[in-house]
Amino acid sequence: MDHEKAPVLEALAAYHRDGQVPFTPPGHKQGRGTDPRVLEVLGAAVFTSDVLATSGLDDRTSSQGIVQEAQELMADAVGAQHTFFSTCGSSLSVKSAMLAVAGPHEQLIVGRDAHKAVVSGLILSGIRPIWAEPAWDPDLHLAHSPTAETFAKAFEANPDANGALVTSPTPYGTGADLAAIAQVCHRYAKPLIVDEAWGAHLPFHDKLPTWAMDAGADVCVTSVHKMGSGLEQSSVFHLQGDLVDPKVLKQREDLLGTTSPSVLIYAALDGWRRQMVQHGQQLYDHALDLAHRTRQAIDTINGMHVHGRDDFCGPGRAADLDPLQVIIDISALHISGYDAGDWLRANHRINLHVCDHRRISAQLTHADDQQSTTRLRNALTDLAAQAAHLRPAPPIHIPSPQELRLEQVMLPRDAFFGPTEQVPWQDAVGRVTAEMLTPYPPGIPAALPGERLNRDVLAYLHSGVRAGMVVPDAADPELGTIRVAIEP
């Protein structure tokens, strides 16, 4: 296919040239009705290009097939059979994929390190999760994706499961052995869904971890806004093979998606695909070299250790590592990642990615350069020098992997939508949670609806909030009280 083309961008340029006059939404009418104070901040071009996809960018019957052509170009660029755009983020895309594979009360094997968007999909659909345990690192207090052996045991115990879902890469940049997991699924003639939200860039350089389609996955969901040049909420999901019907997948997306998709998001996706096909190799040559030098420089800062393959990869751990996720252990500074992240933002205007009880992380992409990484290094050097003033790190109760694992005793949907009450957190021990309790970022629930709470997980969350952890989806974000199911 001709990857010089960018159908959405070209149609948008033609729309401007034609001088079309809309008597349709959006109501700002190309920015003419927009408050000048808004235009001053956002710019007029945003509103000029904010048009309808149908009866705007394309005609009422979509006879020009502009978005369809852009999706076909994206599929060709990455080697998928089908690609679908989403303007509602991968939170919607992964739900669409789940619903295309399983329905109410049907089983889906899911890595327990799944993002809250997956848990939301379980709640909305009524799918019964069969949890695949992550590969826990008890020394680093970190979870990697479940191994292929774990998925094989889950299928052996649950041969009627409709398929499997794994998250790879994780927010910490670690990757599963997707080829081995796909082989396990296909041995049972079941599809593999990969939540590859952090892997939009993986198809475009051979020194990055193998991406899901090349590893044999059936459906792959990726967030182009995370590691690519897409606008926020831009997501694509790819499909190959015959285990998932593309018409069913598209219908599930239609069920959940908006009827007013953003042409701005479509256009950015279209342009990013062209950029990657034409310049991705060169851009990631530079990005990987910059990441290597940045990781080495940060690792020399007193009290900081940049995690690499030796820390994260190996038998029973991760299979691969994305070096663009710079994960920094600062436990030797005796400060928490929460405090470090807040201090860097307040004092250096540096916004970090994941901050947990002992780590901070910086996400690098093809957009970074020597100027941005030098500013990062200087800020981290200052953090190390000022660490004594941030001590001591507030104590956080860190359970063992066994203590972190909660028993699923109700369907997530039943617990979430059933009768509930709010109780003091100490009284929630032994009760079934009716809400997600999710340290964010990275957004992986420590407890989810239908799981029976224990004292260790509650102590972890409560002490974490006191230390700076954010749990935004709880009814009481301070976790003084917990929403629990009223059981018979």
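Any residue at all in segment 190-205 that is under 19 Å from Lys95 (Cα atoms), in a loop (DSSP other than H, G, I, E, B) and among the aromatic types (Phe, Trp, Tyr)? Let's see the steps before the verdict.
As a first pass, look at segment 190-205 and keep what is under 19 Å from Lys95 (Cα atoms): 190-200.
Then drop every residue that is not in a loop (DSSP other than H, G, I, E, B), which leaves 190-191, 196-200.
If we keep only those that are among the aromatic types (Phe, Trp, Tyr) too, we end up with 198.
Yes; the residues of segment 190-205 include at least one that is under 19 Å from Lys95 (Cα atoms), in a loop (DSSP other than H, G, I, E, B) and among the aromatic types (Phe, Trp, Tyr).
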Report summary line: Of the residues in segment 287-335 that are more than 28 Å from Ala467 (Cβ to Cβ), of a type in the set (D, E, K, R) and under 25 Å from the mean Cα position of the chain (by Cα), the one that is surrounded by the most Cβ atoms within 10 Å (Cβ to Cβ) is Asp320
Report task. Please enumerate the residues belonging to segment 231-249 that are over 18 Å from Asp76 (Cα atoms), touching a residue at least 40 places away in the same chain (Cβ under 8 Å) and either buried (at least 17 other Cβ atoms within 10 Å of the Cβ) or aliphatic (A, V, I, L, M) (or both). Result -> Gln233, Ser234, Leu243, Val244, Val248, Leu249
Report task. Return yes or no: is Thr170 polar (S, T, N, Q), crowded, with 20+ Cβ neighbours inside 10 Å and in a loop (DSSP other than H, G, I, E, B)? Result -> yes
Report task. Using the structure shown, decide if Pro395 is surrounded by 14 or more Cβ atoms within 10 Å (Cβ to Cβ), under 27 Å from His144 (Cβ atoms) and in contact (Cβ under 8 Å) with a residue 40 or more places away in the chain. Result -> no
Report summary line: Given (1) surrounded by 15 or more Cβ atoms within 10 Å (Cβ to Cβ); (2) farther than 29 Å from Gly103 by Cα, Gly443 misses just (2)
Requested in this report: Mind counting the residues in segment 1-23 that are surrounded by 13 or more Cβ atoms within 10 Å (Cβ to Cβ) and among the β-branched types (Val, Ile, Thr)?
Outcome: 1
Query raised in the report: Do you know which residues across segment 416-458 are of a type in the set (A, V, I, L, M) and within 16 Å of Val118 (Cβ to Cβ)?
Result: Met436, Leu437, Ile444, Ala446, Ala447, Leu448
Query raised in the report: Checking Pro129 against (1) buried (at least 22 other Cβ atoms within 10 Å of the Cβ); (2) modelled with pLDDT of 95 or more; (3) under 24 Å from Asp310 (Cβ atoms), which test does it fail?
Result: (3)
Report task. Considering each of Ser55, Ser63, Ser86, Ser49 in turn, give the residue that is at pLDDT below 95 and under 30 Å from Glu435 (Cα atoms). Result -> Ser86
Report task. Test His286 against the stated conditions and say whether it is under 24 Å from Val118 (Cα atoms) and touching a residue at least 12 places away in the same chain (Cβ under 8 Å). Result -> no
Query - Filtered residues of segment 56-96 (kept if over 28 Å from the mean Cα position of the chain (by Cα) and at positive phi) - result: Ser62, Gly65
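Suppose we keep only residues that are small (Gly, Ala, Ser) and modelled with pLDDT of 95 or more within segment 425-458. Which one would you say is nearest to Gly337 (Cα to Cα)?
Within segment 425-458, the first condition is being small (Gly, Ala, Ser), and the residues that meet it are 428, 430, 434, 443, 446-447, 450.
In the following step, the residues that additionally are modelled with pLDDT of 95 or more were identified as 428, 430, 434, 447, 450.
Details: Ala428: 28, Gly430: 30, Ala434: 29, Ala447: 21, Gly450: 30 Å.
Result: Ala447.
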Query raised in the report: So which pairs qualify, if the first residue must be in segment 2-21 and closer than 12 Å to Asp58 by Cα, the second must be part of a loop (DSSP other than H, G, I, E, B) and at pLDDT 90 or above, the Cβ gap must be under 8 Å, and the two must be at least 6 apart or on different chains?
Result: Leu12/Ser49; Leu12/Val51; Tyr15/Val51
Requested in this report: Filter segment 336-395 down to residues that are under 22 Å from the mean Cα position of the chain (by Cα), closer than 17 Å to Ile298 by Cβ and in a helix (DSSP H, G or I), then give me how many there are.
Outcome: 2
Report summary line: The correct count of residues that are within 22 Å of Met469 (Cβ to Cβ) and part of a helix (DSSP H, G or I) in segment 417-453 is 4
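The values are calculated or read from the model by the stated rules, or taken from the named source; none is laboratory data. Computed from a predicted structure; not experimentally measured. In this analysis, Cβ positions are derived from the backbone assuming ideal geometry, glycine residues included, and neighbour counts consider all displayed protein chains.
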